[in-house]
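Quick note: the coordinates plus some simple rules give every number you see, no bench work behind them. Keep in mind that this is a model prediction, so the values were computed, not measured. Heads up, the Cβs are rebuilt from the backbone with ideal geometry, glycines too, and the neighbour counts pull from every protein chain shown.
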Amino acid sequence: MKTTIKLAVASALVAAASAANAGIVIPAGDWTLDIGGVVNAYYTSTRTSGDDTIIPGTPFTLGGANATGTRSTNNITTGLLPNYLSVSGKTRQNDLDVAFTISINPGASTTAAAFQGAQQENRQAFLTVGDKSWGSVKFGKDLGIFASDAILSDMTLLGVGSGAGFLAGNTTTLGRIGSGYIYADWKSQISYTSPNWNGFQFTAGFTQAFDDAVSGSFARKGARPAIEAKASYEWVGDVAGKVWVSGITQKLETFDGSETGRGIDVGGTVNVSGFGLTAYYYDGKGIGTTGQFLGAIDSTGRRTDSDGGYVQGTYTIPGVGTKLGVSWGESNLEGDVTTGIQADLKNQMWTVGAYHPLTKHLNLVAEYSDVKTEIDTNIGNVDSKAKTVSLGAILFF
């Protein structure tokens, strides 16, 4: 499977100690079609304490453990991965490898009677053209380049992580997004990926500029396409692993001029004798937190600072295949605290999980996540917590 969602599926299956297989392969004349996807659902129980993270009298709603103001909520919802139906095709024409992918992402939950309209996303629609001798070029919408390896290495890719309470009825939860890394997101792009040279590979390209979507934001518009790039080296053997570095830069218009946002990250994962260890760190100026460029500009029209990372350890039980994991991560945003419109934000999360391959394609998941949010402004401080237990299943095909 060569599309990005199938890479995510393969990463998730590896995390669950299951074999990653191709989907439903159909020869069709000059083309080979591949139909694959994900179906998942979880029962979640979230208990919150502390303050509501929506600060009265301000539009500040970034992140937060208790964004509903309630003390307990139980939901049946999808996890970090949405439900997916992906159709890909590939062919060889005029000495070129040509391929496409189109996907739809129906939600599996709703919280409103007689209302289903919001439960749909379309995350992928792209084509690629290339050759193994010189690489490939991608045109269209797919997973972003910056921070993509952070989410693909996250063990909660198979599960729920944070956000099960206040995101009920949406197509996904947050996993570790916003408490260890910034979301790579699904972005329109024109990008180039090099051949794989004995484990080394790089990708670089232009991606659609994002606005700062926070209500009341002082960053009005992404002025021009972002530039993103990443490089990685992967090796196999008794001690296998991967290391990577990626970056992004984008110009943002503000109320009194412009600023350039940028982010950089570095990470690695090592696997030996059933044990896995992942470490990741990112740093940004004008990149925001949780989502790219959310809270990127403060009330003075200047860039905010952000950083964070996570560490993760896993162990696969021999002969059983169950993967046990524990991870901790943190994301920080330093803004202008003099107005209350922007603030200092810290999200921390512990997660422990068990991921059991019941069959080659079906995995049972149990997780516990403990999130703490701290927000400091000149009109007061917010300290909230959320503890989520989730039980469910995820199927890949």
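Structure notes:
- Formal net charge of residues neighbouring Ser191 (Cβ-Cβ distance under 11 Å; K, R +1; D, E -1): +1
- Set of lysines with alpha-carbon distance to Lys372 below 16 Å, sequence-local pairs under 8 removed: Lys346, Lys385, Lys387
- Taking amide H atoms as placed 1.01 Å from N in the peptide plane, the amide H of Gly180 lies under 5 Å from those of Gly309, Glu330, Ser331, each 5 or more residues away in sequence or on another chain.
- Cα gyration tensor shape of segment 244-397, rounded if a/c is under 1.5, else prolate or oblate by comparing a/b with b/c: prolate
- Calculated from backbone phi, Karplus (6.51, -1.76, 1.60) coupling profile of segment 255-272 in Hz, x at Gly/Pro: 5, 10, x, 8, 9, 10, x, 8, x, 9, 9, 8, x, x, 9, 10, 10, 8
- Sorted peptide list for 298-306, 200-208, criterion being average Cβ within 10 angstrom, highest first: 298-306, 200-208
- One Cα centroid belongs to segment 73-136, the other to segment 249-313; the line between them spans 25 Å.
- Ascending count of other beta-carbon atoms within 10 Å, so fewest first, for Thr32, Thr172: Thr32, Thr172
- Partners for Lys132 among lysines (Cα-Cα distance below 18 Å; same-chain residues under 8 apart left out): Lys2, Lys90
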